[in-house]
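Worksheet: the structure to be examined is printed underneath.
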Amino acid sequence: MGIGEIRGDEQTAALLDTELWQLSDAQLIEAIPAVTAQIHRLQALRVSLVGETDHRRVVPDPAHPALKHWLANTPAGMLSVSEASRIVSLARLLREQPDLAAAYESGGLRADLAVLIGAFCETPPKNMPEGIVPEIRKRLIDEVSHGTGDAAALRKSITDLRDAFAQIPPAEDTDRNEFYASQTLTGRVVIKGDVDSETGEMLLTALSKLSAPVPGPGGEPDPRPAALRRADAVTEMLRRFHDCGAGPVEGGEKPHLTVLVNINDLHHCDGDGDGDGEGGCECGCGGGEAGQGGKGEAAGHSSGSGGSRNGHGPGSGSGSAGGLGPLMMWTGPLSRASTRRLACDCIITPIIINDDGVPLKLGRKDRLVPASLRRALIVRDRCCAFPGCGRPAAWTDAHHIIHWADGGETDLSNTVLLCRNHHRLIHHSEWEVFIGPDLLPWFRPPRSRDPDRKPLPAHGRTAA
Ligand SMILES: [Zn+2]
Ligand SMILES: [Zn+2]
């Protein structure tokens, strides 16, 4: 790729100084492919420059020793780390495979197709004779250069080649296994994979057992579509894995997630009558546990004025991990409502921090539901206690009726078994649960459902 070639493209350069309305239709239509070709030439030049920098092992900035990170952080930027990483990978492949580089730089081969061909030829099937790799590469380039084929066709040709040279049947070849879990801009995680038949069999067996429809209490069909049932099954598989995985046991169950959370984010801050008799934020948070090292007060009261309600109202800028709200280690922000729900049972280990982001303590011992309490809850509630639910106890969380962060006790009079759906509902809606004089859970529906909010008995119980 010559720099002169790029400088010499005066036609596209002139467009930068042109008022576009002055162009005729023909000129307009001619300009677009010309600019596209110029963009490709510039991109190819960037790849070459990155390849040369990489080859010389130049470290442009010690703060970003990996080239891809430097590339994503240059002031001209405009590249995500994954885009920068693709550029570096392509640059390395092209340096090793000059015929591929020539096809790409000439503008005849797209970058994504060059990566597919380059990656295949870099690690060809074990049984493919080394001598035929250049010939195969040329064949693949010819197949897709100048728009004669697309990525799907190329992938098929590569798969056919792998099959032809495979020692073991493709279905059983674990070397081809791939699994991606990538976070999207909305914070969700997209999962994509390709696994051998044995792994697939294990996955399908587990999914089949865990995603079976669960009929409602009156025998009505499970309303969840099949895809949602499978997704719920994956959540359940992960939960069970973390239950029996290595790591410290808390209350008979192992914590599943670590969340960085300011203590204020765990307090009940919605400001409406919460019906639990708390009478506002009596903040059991400042107390002894956080009080070590003189940082304790800052944990509970961002204003430092012990006992005040500052920092507890909605929109008051109350506690957050560095001002961002609760943060999970891998996927980032988590809503305050979900944090409270997860912190309710011992599914998460909250790392409590102060307003400066300094960790103060790890969770709170009295939030954990010990195995003995869980057994007692199973005897009392038998299943998800939500009226009309009845999902098995194994699928339930122990919900704290008054959250432990608000001073609620971890005992029978303050906990209730709820399946994940109804646990979510209780935390995220107007539904409320309380323990009645009969020592059983009762549920208060939202006003939209019953203007009088008359309490309903737990599942399988009847009103006296
Ligand atoms: Zn809860
Ligand atoms: Zn339920």
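Per the conditions (1) part of a helix (DSSP H, G or I); (2) of a type outside the set (Val, Ile, Thr); (3) in contact (Cβ under 8 Å) with a residue 40 or more places away in the chain, the sole criterion not satisfied by GLU201 is (3).
Let's see how each residue does on (1) of a type in the set (A, V, I, L, M); (2) in contact with a helix residue (DSSP H, G or I) (Cβ under 8 Å, 6 or more places away or on another chain):
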site: LYS138; (1), (2): no, yes
site: ILE141; (1), (2): yes, yes
site: VAL144; (1), (2): yes, yes
site: ALA151; (1), (2): yes, yes
site: THR159; (1), (2): no, yes
site: PRO169; (1), (2): no, no
site: ARG176; (1), (2): no, yes
site: THR184; (1), (2): no, no
site: VAL189; (1), (2): yes, no
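Under 30 Å from VAL133 (Cβ atoms), within 35 Å of the chain's Cα centre (by Cα) and in contact (Cβ under 8 Å) with a residue 12 or more places away in the chain: is that true of VAL81 in this structure? No: the conditions fail for VAL81. Within the stretch 40-61, is even one residue farther than 30 Å from GLU135 by Cα, in contact with a Ser or Thr (Cβ under 8 Å, 6 or more places away or on another chain) and without any contact (Cβ under 8 Å) to a residue 40 or more places away in the chain? Scanning the stretch 40-61, I find at least one residue that is farther than 30 Å from GLU135 by Cα, in contact with a Ser or Thr (Cβ under 8 Å, 6 or more places away or on another chain) and without any contact (Cβ under 8 Å) to a residue 40 or more places away in the chain, so the answer is yes. All of (1) surrounded by 14 or more Cβ atoms within 10 Å (Cβ to Cβ); (2) part of a helix (DSSP H, G or I); (3) not aromatic (Phe, Trp, Tyr) hold for GLU30 with one exception: (1). Could you grab me the full set of residues in the stretch 43-67 that are at pLDDT 90 or above and surrounded by 13 or more Cβ atoms within 10 Å (Cβ to Cβ)? Selection gives GLN43, ALA44, LEU45, ARG46, VAL47, SER48, LEU49, VAL50, GLY51, THR53, ASP54.
Output yes when any residue across the stretch 16-25 is surrounded by 13 or more Cβ atoms within 10 Å (Cβ to Cβ), among the polar types (S, T, N, Q) and in the same structural domain as ARG137 (by TED's automatic domain parsing), and no when none is. No, every residue in the stretch 16-25 fails to be surrounded by 13 or more Cβ atoms within 10 Å (Cβ to Cβ), among the polar types (S, T, N, Q) and in the same structural domain as ARG137 (by TED's automatic domain parsing).
Would you call ARG364 over 27 Å from VAL261 (Cβ atoms), touching a helix residue (DSSP H, G or I) at 6+ places or on another chain (Cβ under 7 Å) and either within 16 Å of ligand 1 (Cβ to nearest atom) or modelled with pLDDT of 75 or more (or both)? When the stated conditions are applied, ARG364 does not pass them. Can you pull out the residues in the stretch 95-154 that are β-branched (Val, Ile, Thr) and within 31 Å of the chain's Cα centre (by Cα)? The answer is VAL115, ILE117, THR123.
Inclusion of ALA37 among residues that are surrounded by 12 or more Cβ atoms within 10 Å (Cβ to Cβ), on the phi < 0 side of the Ramachandran plot and in contact with a Leu (Cβ under 8 Å, 6 or more places away or on another chain) is not warranted.
In the stretch 80-102 there is no residue that is more than 27 Å from HIS146 (Cβ to Cβ), in contact with an Asp or Glu (Cβ under 8 Å, 6 or more places away or on another chain) and hydrophobic (A, V, I, L, M, F, W, C).
Out of the residues in the stretch 381-419 that are charged (D, E, K, R) and within 15 Å of ligand 2 (Cβ to nearest atom), which is nearest to ASP222 (Cα to Cα)?
Of everything passing the filter in the stretch 381-419, ARG391 is nearest to ASP222 (Cα to Cα).
Kindly evaluate HIS422 against the criterion of being away from ligand 2 (no atom under 16 Å from the Cβ), in contact (Cβ under 8 Å) with a residue 12 or more places away in the chain and of a type outside the set (A, V, I, L, M). The answer is no for HIS422.
The values are calculated or read from the model by the stated rules, or taken from the named source; none is laboratory data. Keep in mind that what you see is a predicted model, and the values were worked out from it rather than measured. When we count neighbours, we look across all protein chains shown, and the Cβ atoms used for this are built from the backbone with ideal geometry, even at glycine.
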